[in-house]
Structure formats: C-alpha cells, structure tokens
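Colleague: Let me begin by handing over the structure; questions about it come next.
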Amino acid sequence: MGKSVLYLAVSVDGYLADERGGVDWLVGDGSEPDAPGSYPAFLEAVDAIVMGWTTYHQLVTELSPDHWPYEGRPCYVVTHRNEAPRKDITFWRGALTDLVDQLKEAHRGNIWICGGASVAGQLLKAGRIDQLWLSIIPTVLGKGVRLFPELPQELPLKLVKTEHWNGIVDLVYEKR
C-alpha cells in the first residue's frame, strides 16, 4: 500500500504563495547554490501525483509552460472543470478522498500531494495525509496563501527526519 505525502515548500510563517499566488520567493539563501536539495530523491520515490487546478494551471502557464515536468508519472488534477485527459494527466471530478484512497491501494510508493492549499487542507481535515514533508524557505512573507486551514481537531505529529541545504530546512513528520 502506498503512502500519501504532502511535500511542499512554505515560508517560515507558513505560506505556500504570496498574495498574488506567486512563488518566485521559493529560493534558498545562496549559501549552497548548487545543492540539489531533497526534491530529486523525493521524486524518485513518487508513484503518482495529486494536485489542484490552480497548481496545475500555474505549472502549465507559468512555471513550466514548455514541457510537463512529471512526464512518465500519472498525475491527477482535482477540478470541477470538464477537461479531456492528456498524456500522464487525468482530470478528477470525484471525491478527493476517494482518489487518494484508490491511489494508495493501487501503488506501493509515495502518492505526492503536490498542492495546493485547498487540496492539502481537505486531505488534512479528512485524515488522509500519512506524511508531511515541509521545506521551510528562509523567507517571512507576512501574508499570502496559508498552508494550514482550521482543522476540526489537533493533528499530533512525530518528527522522523530533518535535512538542511542552502538555508532551507526540510522537516518530515508522520502522524503519531
């Protein structure tokens, strides 16, 4: 059975994006500019990707408009839009929790919950996140798109791993 992993970068004060939805602040402090960080190794363990429409749209129009960065891995875009499937991309209009449950059952590796705030919040509220892998970017934004919604109850975590590179700290938690 696979594991659902919320792998995201956040500001020190817990924002996923600035007020305009921008992510150009997602950089380290320059102390180790050539460090690959945790992303390459993390991506190797990913069997499937889940993201919301806003994250998908930002990828294909702004961040990687010339090529799909997750080629060869099934990607599920949660949306209410009626979009035709594309190579490696399925547009999911059903219940998000059903999708994640099906993917965990069908795969042995990680199911990457790639973003954004709405998808992450729904899955956190539903108790469907097995691991939180947060890359803390050395920036304080003050306002923007928050990672954590109001949860109906406390979510106790256990720290299982830390890494640091280029001023960025990765904190990996699992549910207690």
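Colleague: Between His80 and Glu19, what FRET efficiency comes out of the Förster formula 1/(1 + (r/R0)^6) with R0 = 30 Å and r the beta carbon distance, rounded to 0.05?
Modeller: The calculated FRET efficiency here is 0.80.
Colleague: If the label point is 7 Å along Cα→Cβ of Ala106, which residues in region 45-74 have backbone nitrogen under 13 Å from it?
Modeller: Only 47-50, 73-74 fall inside the zone, counting backbone N under 13 Å.
Colleague: Moving on to the next point. Which of the peptides 5-17, 161-173, 32-44 is most tightly packed, and how do the rest follow, going by the mean number of other Cβ atoms within 10 Å of each residue?
Modeller: 5-17, 161-173, 32-44
Colleague: Further question on the same structure: Return Arg128, Arg86, Arg176 ranked ascending by Cβ neighbour count within 10 Å, so the fewest neighbours appear first.
Modeller: Taking fewest neighbouring Cβ atoms as first place, the list is Arg176, Arg86, Arg128.
Colleague: Another question, if that's okay. Among the lysines, select those whose C-alpha is under 19 Å from the C-alpha of Lys125, and discard any that sit fewer than 8 residues away in the same chain.
Modeller: Lys3, Lys104, Lys158, Lys175
Colleague: Oh, and also: Taking R0 as 35 Å, what's the FRET efficiency between Arg93 and Leu159 from their Cβ-Cβ distance, rounded to 0.05?
Modeller: In this case the efficiency is close to 0.45.
Colleague: Please give the calculated 222 nm ellipticity per residue for the chain, where each DSSP H segment of at least 4 residues contributes -39500 (n - 2.57) and the sum is spread over every residue; nearest 500 deg cm²/dmol?
Modeller: About -5000 deg cm²/dmol.
Colleague: Any chance you could check the Cα centroid distance between region 82-102 and region 14-66 for me, in angstrom?
Modeller: If we compute the Cα centre of each part, the gap is 21 Å.
Colleague: Taking square-rooted eigenvalues a ≥ b ≥ c of the alpha carbon gyration tensor, is region 17-88 rounded, prolate or oblate, where a/c under 1.5 means rounded and, failing that, a/b exceeding b/c means prolate?
Modeller: oblate
Colleague: Quick check on region 81-147: take the gyration tensor over C-alpha atoms, sort the square-rooted eigenvalues as a ≥ b ≥ c, and tell me if it's rounded (a/c under 1.5), prolate or oblate.
Modeller: Prolate.
Colleague: Next question, about the same structure. Provide the packing ranking of 136-147, 87-98, i.e. peptides ordered by the mean count of other C-beta atoms within 10 Å per residue, highest first.
Modeller: 136-147, 87-98
Bear in mind that the values in this text are calculations on the coordinates, not laboratory data. Quick caveat, the model's predicted, so the values are computed rather than measured. Note that each Cβ is placed from the backbone with ideal geometry, even for glycine, and that neighbours are counted across all protein chains shown.
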